[in-house]
Amino acid sequence: MEIIKLQKNDITNALDLVWKVFEEFQAPDYSKQGIEEFRKFISYNSIIEQFTTGELYLWGCIDNDELTGVIATRGINHICMMFVNKEYHRQGRASSLFQIVEERCKGEDNISTITVNSSPYAIDVYHHLGFCDTDRELTVNGIRFTPMLYLLK
């Protein structure tokens with residue numbers, strides 16, 4: 001297993017993985033509006049624009065030349081996507097992906113926290129990583145999420 005910074009030519013493959021995992025594990029918890037909103041959020045044009053301007057950073061977990069997981073941050077310290085293929089759940093992929101974000105944040109003088117708006121499905125994963133809820137579950141444009149915070153050590 002290797003974690004790599006994804007490049008422009010990796011984005012289509014990454015978004016395919018994200019959508020596949022979202023459909024299976026998160027879409028059942030979302031309204032039709034929420035599913036469409038998420039689909040718009042991960043549209044290639046939206047992601048490539050944010051990637052090109054440096055607003056969005058993407059890393060991938062590679063196993064035997066296969067992309068098995070993806071993490072993305074908006075800015076340096078807000079996780080906006082973390083998805084791992086079903087076959088690789090509970091094998092440390094999410095932890096390894098998160099570690100890259102954590103290490104990057106620790107290298108910045110003015111960053112002491114990492115934030116995420118967790119889907120209902122991923123709350124336990126983020127709690128396991130050390131995140132704490134900062135509010136109750138919210139719904140915006142059909143997207144259900146719980147705001148969470150991680151304090152850098």
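In percent, rounded to a whole number, the relative contact order of the chain is 24, using alpha-carbon pairs under 8 Å and six or more apart. Summarising the label geometry, the points placed 7 Å from Cα in the beta-carbon direction at I48 and E23 lie 2.1 nm from one another.
With springs connecting C-alpha atoms under 10 Å apart, model the chain as a Gaussian network and identify which of G69, G92, G60 has the largest mean-square fluctuation. Looking only at G69, G92, G60, the biggest GNM fluctuation is shown by G92.
Among complete DSSP H helices in the chain, those whose alpha-carbon atoms stretch at least 18 Å along the helix's long axis and whose mean Kyte-Doolittle hydropathy reaches -1.0 are 93-106. Protein-only accessible surface at a 1.4 angstrom probe places the residues E108, E2 in the order E2, E108, largest first.
Summed over qualifying helices (DSSP H, 4 residues or more, each -39500 (n - 2.57)) and divided by its residue number, the chain shows a 222 nm mean residue ellipticity of -10000 deg cm²/dmol. Leaving out same-chain residues fewer than 8 places away, which aspartates and glutamates sit with a Cα under 20 Å from that of K40? Within reach: D10, D16, E23, E24, D29, E49, E55. Averaging 1/r over each pair of different alpha-carbon atoms in the chain and inverting the result gives 15.7 Å, the Kirkwood hydrodynamic radius.
In terms of accessible area, using a 1.4 Å probe and ignoring ligands and nucleic acids, S31, S119 rank largest first as S31, S119. Given 37 °C and 0.692 mPa s, how large is the Stokes-Einstein diffusion coefficient of the range 67-115 in µm²/s, with Rh as the Kirkwood radius over Cα pairs? In µm²/s, the coefficient is 289. Largest mean-square fluctuation among N110, N45, N85, in a Gaussian network model of the chain whose springs join Cα atoms under 10 Å apart, belongs to N110. If R0 is taken as 35 Å, the Cβ-Cβ distance between D65 and S112 corresponds to a FRET efficiency of 0.40.
Among the protein heavy atoms, those of Y150 account for about 10 Å² of accessible surface (1.4 Å probe, every chain in place).
The values are calculated or read from the model by the stated rules, or taken from the named source; none is laboratory data. As the structure is a computational prediction, the values presented were derived from the model and not from experiment. Every residue, glycine as well, gets a Cβ built from its backbone with ideal geometry; the counts of neighbours run over all protein chains shown. Accessible surface areas use protein heavy atoms only, side chains included; no ligands, DNA or RNA. Shrake-Rupley method; radii C 1.70, N 1.55, O 1.52, S 1.80 Å.
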